[in-house]
1. Against the definition (over 31 Å from the mean Cα position of the chain (by Cα), crowded, with 18+ Cβ neighbours inside 10 Å, assigned by TED's automatic domain parsing to the domain that holds residue A:150 and assigned to a helix (DSSP H, G or I)), how does residue A:129 come out, yes or no?
2. In the set A:111, A:71, A:117, which member is outside the structural domain of residue A:329 (by TED's automatic domain parsing) and part of a loop (DSSP other than H, G, I, E, B)?
3. Mind listing whichever residues of segment A:503-534 are more than 12 Å from RNA strand B (Cβ to nearest atom), assigned to a helix (DSSP H, G or I) and not aromatic (Phe, Trp, Tyr)?
4. Quick one: how many residues across segment A:449-466 are farther than 19 Å from residue A:406 by Cα and in contact with a helix residue (DSSP H, G or I) (Cβ under 7 Å, 6 or more places away or on another chain)?
5. I'd like to know if segment A:169-188 contains one or more residues that are of a type in the set (S, T, N, Q) and either surrounded by 13 or more Cβ atoms within 10 Å (Cβ to Cβ) or within 16 Å of RNA strand B (Cβ to nearest atom) (or both).
6. Mind checking which residues of segment A:153-170 are touching a strand residue (DSSP E or B) at 6+ places or on another chain (Cβ under 9 Å) and farther than 15 Å from residue A:45 by Cα?
7. Residues being under 13 Å from residue A:507 (Cβ atoms) and of a type in the set (Val, Ile, Thr): count how many of those fall in segment A:597-609.
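The values are calculated or read from the model by the stated rules, or taken from the named source; none is laboratory data. On a predicted model such as this, the values are computed, not experimentally measured, just so you know. We place every Cβ from the backbone using ideal geometry, glycine too, and count neighbours over all the protein chains shown.
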Amino acid sequence: MSFEHQGEFQSDDEQLYRVRHSLAHVLAQAVLQLRPGSTLGFGPPIKDGFYYDFALSEPITDADFPEIERLMKKILKSGQRFYQENLPKSDAFARLAEMGEPYKQEYAEELCDKHDLDSLSFYRNGSFVDMCEGPHVDTTKEIPRDSFKLRSVAGAYWRGDSDNQMLTRIYAWAFLSKEELASYVQAYELAQERDHKKLGKQLGIYTIDNDIGRGLPLWLPNGTIIRDELEKLAFELEFQAGYQRVSTPHIAKQDLFFQTGHLPYYAEDMYPPMELVEQTEHGEKVKEAYVLKPMNCPHHHKIFDAEPRSYRELPLRLAEYSHVYRFEESGAVGGLVRVRGMCMNDAHIYCTEEQIKSEFRNVMELYAEAYRILGLESYYLRLSKSDPEDPKRKQKYVDNPNAWIKSEAIIEELLNEMEVDFVIGVGEAAFYGPKIDVQFPTVTGRDESVSTVQLDFAVPARLGLSYVGSDGLDHVPYCIHRAPLSTHERIVAYLIEHYGGAFPTWLSPVQVKVITVSDQFHDYGRKIVSALRAQFVRAELAEESDTVSKKVRAATVNKIPNLLIVGSQEEQDQTVTLRRYGIREQLTLPFEQFQDSIQQTIDQRASEFRVIEK
RNA sequence: GCUCACAUAGCUCAGGCGGUAGAGCGCUUCCUUGGUAAGGAAGAGGUCAUCGGUUCAAAUCCGAUUGUGAGCACCA
């Protein structure tokens, strides 16, 4: 198993860091020129450039970018020197007050309190002064004038807290040369071509209809094939790992979720209840309330509880691909990555404390196997812990400090024993326990949790789950929640971007497209298609009376992995000419040999096509 | 939820300083029967997101709503 670590922006290139940091100051200088009376927030370097936050006197939009860039270039050209000065803290506060910089002032006071500082660092270039630790370039002449580009304007809360005022953030790309900028922008644009929202539409995978609802994707025939293949994969992996499949309804009584503790912890993320109302003498009364399930665990817990359990049955592994519904905030919903209705590769493992580690390990191995088959490599692990410092912790996490310490220790120990790299996410835990999240980068450069394994020390007890131990006494089981293949929505989004829409044969909605050289070979083409379909290969004949070129192009645009070209030669020899997606060289082989080869390619879920020699 | 931008044919987009619209692809039909990324011709297809306001006149200007995108916050 290999898990790569991926951390925050840390430039190993000191000069790049200085340039970006200095450009942030130059941007602020230009914006203050254009919008006098604006004040400053933070303006750090980031992984591909920098940003700066402003409380603007007048709004700015991207239509102002050319003007701002012009002002910035003028400043760069003028060769301003950067001077550092350290002011005693009282002088520093006085200066910030004089400058009219309330955000900087607030931060300055906090810095001094927290780190017990008695002086603060400022940088001056030209007429512009900013409280800042540096480092910076010596002079703006060091900064190439053509290697940065303003990218976007967006809102951002001061100090990242939605209770605070929203500032205006301007993002920019910045590099050390024009060429580096150009190649970065080009790579960025190329990556946008892989965006699952774009390809999902182009390849007929899913659609979202406003009459159905936001965040509620409709899976088209091509997308449904991919889902079915993933479910088949999960079924096989889980069968071999000793899981049992169960099926449960999409709704349950609201009261169940009070018992589990989801309500009130999780209320904001749930669709409002469906209420059955009864007429009484005094008016209306809610007789029963049902909710759409946001998670499957309560339903599975009830299956565990459906009969008396012995320690001999543990670990009991219950698996289900099931829909859950979460009322994500409108601004969070987008494409397939954040949706309000999703189908999850869920399972719950009930086990004893002694079994936790080995079960976690089994789950991690199942993940690694699934990722290997899917060819996914660019992920890293995050140990998601609670945050004991969080003032809102009582609303966010089950209140049982000892259980948190113990369960977090078990998982961290396991990760260390497995010798895998991981980062720690403080405050990223589930409300009922710590978890290991598997993070994947999207084409838009964000990391998202795709898969997750979670340890639950709280909910089984709340529902009164128990098993009889070898000592004849009742014990509360631990529960491991896991979803290696994530939700169909999220994993398919990643797979589309990972493969750029060109799926390996086993996942591809159309696996073989038969292209005849002219209509007179359609009979042979149809014979091939029906023989392939008889072995459950998803084959189609290109029926259009177009030229071969046109049909090849159409199939290529649709990223179909295998094309079979047939004409008089092939019909006479009972062969086919195979052209693989993205490969120009082709191969003519007996049709029967192709049948065996594609069967093996599919059965092995191979990423490449290998011809079987007879 | 918040900030900003955007919404024109099935798709990708142009146009429009106010006088009710265009291209390419796709689709349909016809000709072509062609050996590897677009053969040719004709045709159908749009209350310019929705609602309201200004105006003699709104797709164009203004407002609201809905949706989409980029961020922020959120994210089991």
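1. Working: over 31 Å from the mean Cα position of the chain (by Cα): yes; crowded, with 18+ Cβ neighbours inside 10 Å: yes; assigned by TED's automatic domain parsing to the domain that holds residue A:150: yes; assigned to a helix (DSSP H, G or I): no.
When the stated conditions are applied, residue A:129 does not pass them.
2. Values: A:111 fails: part of a loop (DSSP other than H, G, I, E, B); A:71 fails: part of a loop (DSSP other than H, G, I, E, B).
Sole residue among the options that is outside the structural domain of residue A:329 (by TED's automatic domain parsing) and part of a loop (DSSP other than H, G, I, E, B): A:117.
3. So the first thing to find is which residues in segment A:503-534 are more than 12 Å from RNA strand B (Cβ to nearest atom), and the list is A:503-512, A:523, A:526-534.
Add one more test, that the residue is assigned to a helix (DSSP H, G or I), and what stays is A:505-507, A:523, A:526-534.
Within segment A:503-534, A:505, A:507, A:523, A:526, A:527, A:528, A:529, A:530, A:531, A:532, A:533, A:534 meet the criteria.
4. First, pick out the residues of segment A:449-466 that are farther than 19 Å from residue A:406 by Cα: A:449-452, A:463-466.
Those still in the list that are in contact with a helix residue (DSSP H, G or I) (Cβ under 7 Å, 6 or more places away or on another chain) too: A:450-451, A:463, A:465.
Residues flagged as farther than 19 Å from residue A:406 by Cα and in contact with a helix residue (DSSP H, G or I) (Cβ under 7 Å, 6 or more places away or on another chain) within segment A:449-466 amount to 4.
5. As a first pass, look at segment A:169-188 and keep what is of a type in the set (S, T, N, Q): A:177, A:183, A:186.
After this cut, where a residue has to be either surrounded by 13 or more Cβ atoms within 10 Å (Cβ to Cβ) or within 16 Å of RNA strand B (Cβ to nearest atom) (or both) as well, the list is none.
Checked against the condition, which is being of a type in the set (S, T, N, Q) and either surrounded by 13 or more Cβ atoms within 10 Å (Cβ to Cβ) or within 16 Å of RNA strand B (Cβ to nearest atom) (or both), segment A:169-188 yields no hits at all.
6. Kept after step one, since they are touching a strand residue (DSSP E or B) at 6+ places or on another chain (Cβ under 9 Å), are these residues of segment A:153-170: A:153-158, A:163-170.
Answer for segment A:153-170, where residues must be touching a strand residue (DSSP E or B) at 6+ places or on another chain (Cβ under 9 Å) and farther than 15 Å from residue A:45 by Cα: A:153, A:154, A:155, A:156, A:157, A:158, A:163, A:164, A:165, A:166, A:167, A:168.
7. Counting residues in segment A:597-609 that are under 13 Å from residue A:507 (Cβ atoms) and of a type in the set (Val, Ile, Thr) gives 2.
Residue by residue, here is whether (1) away from RNA strand B (no atom under 16 Å from the Cβ); (2) surrounded by 20 or more Cβ atoms within 10 Å (Cβ to Cβ) holds:
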position	(1), (2)
A:317	yes, yes
A:331	no, no
A:363	no, yes
A:380	no, no
